Number of protein chains: 2
Amino acid sequence: MHCKEHLDYLFNPRSIAVIGASTVFGKWGFNILSRLLTCKDGKQIYAINNKFDEVLGLKSYKSIVDVPGPVDLAMISVPLSYVCSTMQECVEKRVKTAIIISSGLAETGAEGEKIERELVNIARNGGIRFVGPNCLGHFNTASNVLTVPFLPSIKKGPVALISQSGNSSQSVFNHGLEMGLGFSKFVSSGNEADLHFEDYLEYLAQDKETKIIMGYVEGFREGRRFFNLAKEITKKKPIIIMKSGRSDAGIKAAHSHTAALAGSDAVLDAVFKQCGVIRVDELSELTDMAVALLGQPLPRGRRVGVLTMGGGMAVISVDALRKNGLELPKLSQRTMDILNSFLSPRWSYGNPVDPAGDFVSYPILWPMIEDENLDAVIIIGGVGMASSFAGWAGIPSEMKYNARELRRQMEEKELEDLNKTISMMKQYQKPVLFTTMVWGAKRPGKIFKTLKKRYLYPYAVPETSAKVLAKLVEYHEYCKSV
Amino acid sequence: MHCKEHLDYLFNPRSIAVIGASTVFGKWGFNILSRLLTCKDGKQIYAINNKFDEVLGLKSYKSIVDVPGPVDLAMISVPLSYVCSTMQECVEKRVKTAIIISSGLAETGAEGEKIERELVNIARNGGIRFVGPNCLGHFNTASNVLTVPFLPSIKKGPVALISQSGNSSQSVFNHGLEMGLGFSKFVSSGNEADLHFEDYLEYLAQDKETKIIMGYVEGFREGRRFFNLAKEITKKKPIIIMKSGRSDAGIKAAHSHTAALAGSDAVLDAVFKQCGVIRVDELSELTDMAVALLGQPLPRGRRVGVLTMGGGMAVISVDALRKNGLELPKLSQRTMDILNSFLSPRWSYGNPVDPAGDFVSYPILWPMIEDENLDAVIIIGGVGMASSFAGWAGIPSEMKYNARELRRQMEEKELEDLNKTISMMKQYQKPVLFTTMVWGAKRPGKIFKTLKKRYLYPYAVPETSAKVLAKLVEYHEYCKSV
């Protein structure tokens, strides 16, 4: 069976057995099984544990070989000394694919390495491919499989994650779901004794539900293969990677975590650049970047216009643009003329555009999107003003009705303006990075919902917008060069 | 009248007049007045505008001199050409203090500068001190005064903010309130034509409700005075400052924003260090830092223990500690013995402590807090596990009752353990920085509420925890040295 078929069984199993199923909360065998029961959805779920007759309302089989029907996927969470014999039984049962949650293998030293090699031999000879060991599980939103006990329901969407750390992935989902990101598939790859990061990458490259591939990486088992795969994939699907182990101490820690062979950080930087991989520095930047790739057109260059409500953010933005190698050009004469025609004489007369006391509004933004001197715009504040105005409650009761009507009209108008803006971004191929929110925009409201849905969720600080924008520019430069 | 008295009137006015009050949403005179009406609370609020008879249900006076009673605070939002005559009328009315929202003065060039000088002359000769121009307002939670239209109700607490940017402050409050921070006073200082950053700083140093002073700064009008004040204040109250304008372009932008004379960045770094000011790089770090100063004891040194659920975060943490000049020492033999006595043989046998498959728990944390080799602990994940477990819903209905009871017991036990941890942090003077949350901890729950209330809100990524911890260490070193 080809690797792809094994991964098909992994992500679309019709039957799943939990080996080491437990009745005790906190045991992985309990956590995984109960999590699986929340997304049963027509799938056969089997509990295997020779100490019990029943686990979580399911008959408990002594061994996987006793299960009556076929088993596509086996989740193995048993003590280390039973891992190999359990795998042997999976071979007997003709299980297609396994996930080994159990840890204590190659990451702990020579003895664990020996067991791990044996495990790989048994599986390979028996026609099984497996994920892990020392991993957290996986999901596929399309087939409603979710084996990670501490993840909530995940929103369906176009982003996949391969993570060499289970724990880190939780952070990614937290931040991602908050920003409106939906996910297609996830796998916590653990020690990668059998299936490697590169196998998942190749699979996701072909996966129709996946448009962007994110990875948390400590080290590559097949560096050359990764490079060749990435070089092809990034032409069609962006790959965003956070590679940890930048410091010497970090590299050492990476080895004791997943037995990863972390290479020199500077070499990796160069390799990523050559194959078009977008490298980020923090877990939160994986999702910051994914959101931008989904919601923004790729900028033609690095000339940025800043539109800000208030000069403080202008100063902060200028610092952030400089730090990230972006430019802050003069506005074209046309833009100057348009802005002069309706802005108060207090305005900043240049880039950054600060209406200085007047509100940031879409009619200020539009000529900037059209400006031939600008490749992108960062807009700070000014969004959802009507929704976030805290004074509505102070309006006397006899005027309340009119105030409510005014607010409704303003929100409606802004929605119209926002939609026009989104069209213009496409038309002119200019990213517009929304940044910071006035308070109320965090509360559900039409503007906020639209921003979230269109992958335009505002970044918290100008630094993040500048960082993300610089990486969009680099990715576009790479795409044009290949 | 001494400056302090003027500021007393600013923060505790019994009567406030809004000059330029308007009936049109979007005009500052409308926004400020309606916001003030939400926190009237026994104060006299007057509307001044000679074009109307009534604004927002209040009688509109032609001029402030027509107001029957005394006026402690005048909010001035009038066109530039009326600013000086308005101030003259405030003098006639014997207004104590004013806030000039109007912009277009010194920040725009020579002509504006001239008006600004005239304004200062009129005020000074007439016994008025004023905030601004070109500012956003202020608040004092103790007296329920809030003049910023786009701020929600602010939680009362021990943190004050002086900001040379109104817009930036909104970001600070957003992030701060999310992290459970409460605020005492705020002032958007604008151009500082009359009252300077240094005046507010001196005032807040004496303010009983303020334990921590945060500042957003583009440039100091009285650098020497700032230095002398800060040197005294930081012995008792921490001062946290974000100074923007790091790049040359940023310095230029700062001038056109608030006419600030931004000095060399490297010089400022040295100055801040000499007077014990904690400098941060991003707006979000102001509140990250304030939370830590409130919730954490100051660490005795830079030796950090890391406790992490999963090795990925261990690698990331090690990188972050190195980057921030922190150390990762060996655990003491005592700690090793204790951990060996109950952890599975898979555990990492060292620092970072990774129970590798088992849950992070308080009994692992406790010997680390007691460890003589460690000055602080960063704990990643593992908090609120019972609340965030997503498998509860998968438990068969006949077992639901027991599951709910189990969950309740677990949450109760964790709360007990958390409280014990907080006591130990004090006893051993060891910070414990909680980092990342499993999903459910974001939902209200006892553990989360306690963390928030005790200023232990988890930081999103290890990088933030390491950065904050390094600054706590530096502040403590400074305090010991003076």
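The values are calculated or read from the model by the stated rules, or taken from the named source; none is laboratory data. Values in this document were obtained by computation on a predicted structure and should not be read as measured data. Every residue, glycine as well, gets a Cβ built from its backbone with ideal geometry; the counts of neighbours run over all protein chains shown.
Side notes on the structure shown:
- The number of residues in the range B:303-318 being buried (at least 24 other Cβ atoms within 10 Å of the Cβ) and at pLDDT 95 or above comes to 4.
- Filter result for A:L105 (within 14 Å of another protein chain (Cβ to nearest Cβ), closer than 20 Å to B:W392 by Cβ, surrounded by 24 or more Cβ atoms within 10 Å (Cβ to Cβ) and of a type outside the set (S, T, N, Q)): no
- If you filter the range A:23-49 down to residues that are within 12 Å of chain B (Cβ to nearest Cβ) and hydroxyl-bearing (S, T, Y), you find that the one that is farthest from A:C90 (Cα to Cα) is A:T38.
- Only one of A:G276, A:G325, A:G305, A:G301 that is over 13 Å from B:S244 (Cβ atoms), in a loop (DSSP other than H, G, I, E, B), in contact with a helix residue (DSSP H, G or I) (Cβ under 9 Å, 6 or more places away or on another chain) and within 14 Å of chain B (Cβ to nearest Cβ): A:G325
- When every residue of the range A:394-404 is checked against the conditions, none turns out to be among the polar types (S, T, N, Q) and either buried (at least 20 other Cβ atoms within 10 Å of the Cβ) or on the phi > 0 side of the Ramachandran plot (or both).
- Subset of the range B:355-379 that is facing chain A (nearest Cβ under 7 Å) and surrounded by 20 or more Cβ atoms within 10 Å (Cβ to Cβ) - its residue that is nearest to B:K430 (Cα to Cα): B:A356
- Selection status of B:R346, within 9 Å of another protein chain (Cβ to nearest Cβ), closer than 15 Å to B:S465 by Cβ and free of Cβ contacts under 8 Å to residues at least 24 places away in the same chain: no
- The range A:422-466, subset of a type in the set (G, A, S) and modelled with pLDDT of 90 or more, residue farthest from B:L177 (Cα to Cα): A:S423
- Filtered residue count, the range A:48-72, keeping only those that are in contact with a helix residue (DSSP H, G or I) (Cβ under 6 Å, 6 or more places away or on another chain) and not charged (D, E, K, R): 5
- Residues in the range A:108-124 that are surrounded by 22 or more Cβ atoms within 10 Å (Cβ to Cβ) and farther than 19 Å from A:Q164 by Cβ: A:A123 only.
- Residues (touching a Leu at 6+ places or on another chain (Cβ under 9 Å) and free of Cβ contacts under 8 Å to residues at least 40 places away in the same chain) located in the range A:154-180: A:I154, A:K155, A:G157, A:G166, A:N167, A:Q170, A:F173
- Meets criteria (within 14 Å of chain B (Cβ to nearest Cβ), farther than 21 Å from A:L331 by Cα and either touching a residue at least 24 places away in the same chain (Cβ under 8 Å) or among the hydroxyl-bearing types (S, T, Y) (or both)) for A:V383: yes
- Cβ separations smaller than 7 Å between residues 6+ apart or across chains give the following pairs from the range B:5-29 residues that are farther than 24 Å from B:P79 by Cβ to residues that are among the small types (G, A, S): B:F11/B:S143; B:N12/B:S143; B:S15/B:G69.
- Test result for B:F150, modelled with pLDDT under 90 and either closer than 25 Å to B:A21 by Cα or crowded, with 24+ Cβ neighbours inside 10 Å (or both): yes
- Taken as a whole, the condition of being in a helix (DSSP H, G or I), within 32 Å of the chain's Cα centre (by Cα) and either more than 20 Å from A:M313 (Cβ to Cβ) or not aliphatic (A, V, I, L, M) (or both) applies to A:M424.
- Test: residue in the range B:200-211 that is surrounded by 23 or more Cβ atoms within 10 Å (Cβ to Cβ) and within 13 Å of another protein chain (Cβ to nearest Cβ): no
- Taking (1) modelled with pLDDT under 95; (2) over 31 Å from the mean Cα position of the chain (by Cα); (3) under 30 Å from B:T108 (Cβ atoms) in turn, A:Q409 satisfies each apart from (3).
- Of B:S171, B:S165, B:S189, all but one fail to be closer than 28 Å to B:V482 by Cβ and within 13 Å of another protein chain (Cβ to nearest Cβ); the exception is B:S189.
- Matching residues in the range B:369-418 - criterion: being charged (D, E, K, R) and over 17 Å from B:G445 (Cα atoms): B:E370, B:D371, B:E372, B:D375, B:E398, B:K400
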